[in-house]
Amino acid sequence: MWMSDLPAFVPFFIAALLALITRGRVRNLIVLATPVLGGLHLWLDVTPGIVAVVPIMEYELILMRADRLSLLFGYLFHITAFFAAIFALHVRDTTQTVSGLLYTGSTLGAVFAGDLITLFIFWELMAISSVFLIWARQSERAIRSGMRYLIIQVTSGVLLFAGAMVQYYHTGSLAFEFIGLEGISGWLIFLAFGIKCAFPLLHNWLTDAYPEATPTGAVFLSAFTTKVAVYALARGFPGTELLIYIGAVMTCFPIFYAVIENDLRRVLAYSLINQLGFMVCGIGIGTALALNGTVAHAFSHVIYKALLFMSMGAVLYRAGTIKSSDLGGLYKSMPKTALLCIIGALSISAFPLFSGFVSKSMIMAAMIEEGYDYLWLVLLFASAGVFHHAGIKVPYFAFFARDSGIRTKEAPLNMLIGMSIAAVLCIFIGTQPHYLYALLPWEVEYWPYDTTHVLTQLQLLIFAALAFVWLNKLGIYPREIPAVNLDSDWLYRKFLPDTARSAYSFMKKTGNRAEDAFDSTLQDAAKSMIRTRLGRFNLAASWPTGSMVFWIAVILGIFLLADATHSIRP
Amino acid sequence: MNGTEPKPRQHLFDNPRNVSLVIRGLYGVCILLFLLDFILHRHVAREWEGITGFYALFGFIACVTIVLTAGQLRKIVKRKEDYYDVDE
């Protein structure tokens, strides 16, 4: 169709330019056609091994490096861009349309980057293009939150650049291959990836910003940034044992927050970190099965997570709120959205026949194969937990629970179509996993459907549901109440600003006091000077500019004379 | 939101019988899945995994633990909704 080494981001950047100057149907056509044509190009023309290099001055940017790993993420992002675009088709906001396209393009640029400089460029472009999807909400909160998001994302890029420079200094190479935690460059790049991958304590940009984005913007955000980080970690740090422990923490701590969180899109943001944890564990294990599991899980995760974000976006769009304390009973007005949300919920919970089941189990299997028994139990705990908060809590409190009295319309047709495509994909991957398995980068025999696996997973999940029902009946389940829960962002949103503010006011007060003391000393000195005999002379009373000029003239005259007499001497 | 519905329509879960039907169905499935542990042979990677009802108990206890712990966590981290809006 096209030249096979056309970098995948190019169509999206061109489309973004075209979207700037078009409106209405023409623009809709561009937005929809770009992921279709780009995806077909990737599927039909691009084969593993293709490399596109662009020389800039004395450096060669590797804009396209296609192998099975990057290609799979490439397919995934095209599919997501397609159904997310349909979901957002009703939006008449040039900012969002253009930034959505630029963001998708930058994501593809990062995934196909063959060297660290190219990666850095797209890494930063992702940050800059995506922040407009948050700012487009135009609320005070969104603008502040977007600014924090941008600062953290750009910092990640700066760390990546610093790491790349150190690596170049030591090895003379900027190739983006296995990096490992060797030396300072490895750690800097690890940290850069870790920020975007929402490592514990570095995660708060995600739960802070995603829920503030527009209903459609959050769908793009949930899909791209963190999965590029997963891809980058899978390429740069496979088999790094530290990642297993980081991943295990990531699977667990967000669950507790998700249970008490009131904003349902923030619940999804926490569960996103939980799911990333599984992938990070897989990368840490580093065996072929584990890495395949990570990639497969990223694939199914992007789709079901986007589906969940879409359904909650539709609720926000129609009901005007996404707080679970205000919602409930929406199945009466939005039954189709409710059904689609439940499909997403079943997929993220890894119910048999849904996509999460066929991918997460690979990571679990690899983990116990490698002898990490305790961590395997942690992941099993997290599996029950994800069903609890994302599988039950989100659909239950939005669509069922008590009737909030909100009566609204079903989601618009384009939203329903976007969600339906994602839902069909969830079931397709879950029931026909061999199509996905055939695309995985490494050759491994694996089949998820056997009696043991199906039975144990069903037991785990159904008894988790029983616990939910039981706790609800006893009234122990935490009530849905409007509140903010402190997380690590407290450090930079409250502690540091407050400390800085009090330090500033302390210094200001001290400064004022010192100034007052100095002034009064000076005045006292002046007063006592006037009281002396010298005070009778005019010069001591005040120092007008004229007298100053006079005395400067006198001094200069003396210097001149001295100089003249000096030069006359032999 | 349009408040022009002539008569409040009876929806699926407005009838408490349907709700209890769902809950009873869940109990039934739970019992069935637990009993299947005795009938079906599971292959296990570790010995403790083979304990009868291991997964069922694990799922139940995990969720109760999560909810109780989260309740305690809320006592520590919960603030008013406008906590960050003041002086931010």
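Throughout, read-outs are computed from the coordinates displayed, never taken from laboratory work. Here the structure is a predicted model, which is why all the values come from computation and not from measurement. Backbone-built Cβ (ideal geometry, glycine too); neighbour counts: all protein chains shown.
So for A:ASP519, A:ASP5, fewest C-beta neighbours within 10 Å to most, what's the order?
Listed from fewest to most nearby Cβ atoms, that is A:ASP519, A:ASP5.
Just grab the label-to-label distance for B:ILE61 and A:VAL51, each label 7 Å out from Cα along the Cβ direction, in nm (one decimal).
Between B:ILE61 and A:VAL51, the label points sit 5.4 nm apart.
Rounded to the nearest 20 Debye, what is the dipole magnitude of segment A:488-531 about its Cα centre when Lys and Arg each give +1 and Asp and Glu each give -1 at the C-beta?
The dipole of segment A:488-531 has a size of about 80 debye.
Say R0 is 60 Å: what FRET efficiency, to the nearest 0.05, do A:THR95 and A:VAL554 get from their beta-carbon distance? If you can, show how the numbers build up before the last one.
Numbers: r = 68 Å, r/R0 = 1.14.
So the FRET efficiency works out to roughly 0.30.
Distance check, please: which entries in A:LYS360/B:LYS80; A:LYS227/A:LYS409; A:LYS305/A:LYS360; A:LYS305/A:LYS409; A:LYS494/B:LYS75; A:LYS360/B:LYS78 exceed 25 angstrom between their Cα atoms?
Listed pairs above 25 Å: A:LYS360/B:LYS80; A:LYS227/A:LYS409; A:LYS360/B:LYS78.
Let me spell out the model: positive unit charges on the Cβ of Lys and Arg, negative unit charges on the Cβ of Asp and Glu, origin at the Cα centre of segment A:331-469. What dipole size does that give, in debye rounded to 20?
The calculation lands at about 960 debye.
Projecting each Cα onto the charge dipole of the protein assembly as shown (Lys/Arg +1, Asp/Glu -1 at the beta carbon, about the Cα centre), which of A:MET529, A:SER361, A:VAL166 comes out farthest on the positive side?
Of the listed residues, the answer is A:MET529.
Can you classify segment A:1-237 as rounded, prolate or oblate using the Cα gyration tensor, where a ≥ b ≥ c are the square roots of its eigenvalues, rounded means a/c under 1.5, and otherwise it's prolate if a/b beats b/c and oblate if not?
oblate
Roughly how big is chain A's charge dipole about its Cα centre, with Cβ charges of +1 (Lys, Arg) and -1 (Asp, Glu), in debye to the nearest 20?
Its charge dipole is roughly 2360 debye.
Take every Cα pair under 8 Å in segment A:239-481 that's 6+ residues apart, average their separations, divide by the length, and report that relative contact order as a whole percent.
Relative contact order of segment A:239-481: 27 percent.
Using the beta-carbon distance between A:LEU32 and A:SER520 and R0 = 60 Å, what value does 1/(1 + (r/R0)^6) give for FRET efficiency, to the nearest 0.05?
0.20
If neighbour count is taken as other Cβ atoms inside 10 Å, put A:VAL378, A:VAL315 in order from fewest to most.
Fewest to most other Cβ atoms nearby, the residues stand as A:VAL378, A:VAL315.
Sort out the exposed loop GluC sites (Glu not before Pro) in chain A (DSSP loop, at most 13 other Cβ within 10 Å) and tell me the longest stretch that has none.
A:242-442
Based on other C-beta atoms within 10 Å, arrange A:ILE322, A:ILE368, A:ILE285 from fewest to most. Numbers along the way, then the final one.
On the way: A:ILE322 23, A:ILE368 18, A:ILE285 26.
Fewest-to-most ranking of A:ILE322, A:ILE368, A:ILE285: A:ILE368, A:ILE322, A:ILE285.
Of A:SER347, A:VAL26, A:HIS566, which is farthest towards the positive pole of the protein assembly as shown's charge dipole, taken about the Cα centre with +1 and -1 on the beta-carbons of Lys, Arg and Asp, Glu respectively?
Towards the positive end, the residue furthest out is A:VAL26.
Per residue of A:277-290, what is the mean number of Cβ atoms on other protein chains within 10 angstrom of that residue's Cβ?
0
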